[in-house]
């Protein structure tokens, strides 16, 4: 019983460190991306919000709001803008508090506010007012939230979870995770009443967010287009030709 309580207390106190793995860099740092980018630094709460904008070489078809996973900073996801750029979409990325050049206290509410500030900058800078919203891993919760707050062409979720308590319950089934979690990111609730196309990409061999999490989302929201990548893991879907084909087809077909 004592060990159970100690572990439970540890899960509660250190869940931020378990859930997020940021890598901060100084404001003077130059990110290593394959494409040129425009950088913005906005005052945000008690810190800074760092945003990057990538533009395609061709005419801009639309904008993508990109919300990345829980590791490092935007540079870790340096290969992702290309799949949107080659289809004519400009890409807007941001770092969460404590990631990269973004600073300040991190919380679910703060991340949501950052996402809304990102959208306001897109509109102010002449970007599409009906963007595509994309979320990867932890970012799927942010993306799903944004889909409830703005009008968008589509919502694309890559390796999503049902909710953070649901995912935590998979790893710690003996604990009342719904009471312990400081973060919720209830993707399931956000998807329940959306009036836009929703596509999920998930691999069957995902060892971080089980494929069953997407199956559960699909079961409750039958209109979702679930694209299954046989043998796909958590961080390698982009290496599968089937994924690339489906993503290109999806982006080309959006009106």
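The values are calculated or read from the model by the stated rules, or taken from the named source; none is laboratory data. Worth saying up front: this structure is predicted, and the values here are computed from it rather than measured. Methodologically, a virtual Cβ is constructed for each residue, glycine included, from the backbone with ideal geometry; neighbour enumeration extends over all protein chains shown.
Sub-6 Å Cβ pairs linking a first residue in segment 189-216 that is under 12 Å from residue 156 (Cα atoms) to a second residue that is in a loop (DSSP other than H, G, I, E, B) and at pLDDT below 95, at least 6 apart or interchain, are 191/221, ordered by first then second residue.
Note on segment 32-69: among residues that are within 20 Å of the chain's Cα centre (by Cα), assigned to a loop (DSSP other than H, G, I, E, B) and touching a residue at least 60 places away in the same chain (Cβ under 8 Å), the one that is nearest to residue 82 (Cα to Cα) is 68.
One residue stands out among those in segment 89-101 that are in contact (Cβ under 8 Å) with a residue 40 or more places away in the chain and out of contact with any helix residue (DSSP H, G or I) (no Cβ under 7 Å at 6 or more places or on another chain): the one that is surrounded by the most Cβ atoms within 10 Å (Cβ to Cβ), which is 99. In this structure, is residue 109 surrounded by fewer than 18 Cβ atoms within 10 Å (Cβ to Cβ), closer than 20 Å to residue 182 by Cα and out of contact with any strand residue (DSSP E or B) (no Cβ under 8 Å at 6 or more places or on another chain)? Taking the combined requirement at face value, the residue satisfies it.
Counting only helices (runs of 4 or more DSSP H) that fall entirely inside segment 168-225 and contain at least 2 residues that are touching a strand residue (DSSP E or B) at 6+ places or on another chain (Cβ under 6 Å) and modelled with pLDDT of 95 or more, the qualifying elements are 211-220.
Checked against (1) surrounded by fewer than 18 Cβ atoms within 10 Å (Cβ to Cβ); (2) on the phi < 0 side of the Ramachandran plot; (3) touching a helix residue (DSSP H, G or I) at 6+ places or on another chain (Cβ under 8 Å), residue 104 passes all but condition (2).
When segment 231-241 is filtered for residues that are assigned to a helix (DSSP H, G or I) and within 17 Å of residue 157 (Cβ to Cβ), the ones remaining, listed by number, are 237, 238.
In the condition set (1) surrounded by 14 or more Cβ atoms within 10 Å (Cβ to Cβ); (2) at pLDDT below 90, residue 40 is compliant with all but (2). Please determine, by comparing only the residues of segment 112-139 that are assigned to a helix (DSSP H, G or I) and touching a helix residue (DSSP H, G or I) at 6+ places or on another chain (Cβ under 6 Å), which one is surrounded by the most Cβ atoms within 10 Å (Cβ to Cβ). Taking the candidates together, the pick is 115. Considering segment 45-77, the residues that are out of contact with any strand residue (DSSP E or B) (no Cβ under 9 Å at 6 or more places or on another chain) and farther than 26 Å from residue 108 by Cβ include one that is surrounded by the fewest Cβ atoms within 10 Å (Cβ to Cβ), namely 59.
Conditions tested, residue by residue: (1) over 17 Å from residue 224 (Cα atoms); (2) touching a strand residue (DSSP E or B) at 6+ places or on another chain (Cβ under 7 Å).
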residue	(1), (2)
132	no, yes
138	yes, no
145	no, no
157	no, yes
166	yes, no
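Would segment 85-101 turn up any residue that is assigned to a helix (DSSP H, G or I) and either within 23 Å of residue 159 (Cβ to Cβ) or at pLDDT below 95 (or both)? Yes, segment 85-101 has at least one match. Within segment 19-30, the residues that satisfy the criterion of being part of a loop (DSSP other than H, G, I, E, B) and without any contact (Cβ under 8 Å) to a residue 60 or more places away in the chain are 28, 30.
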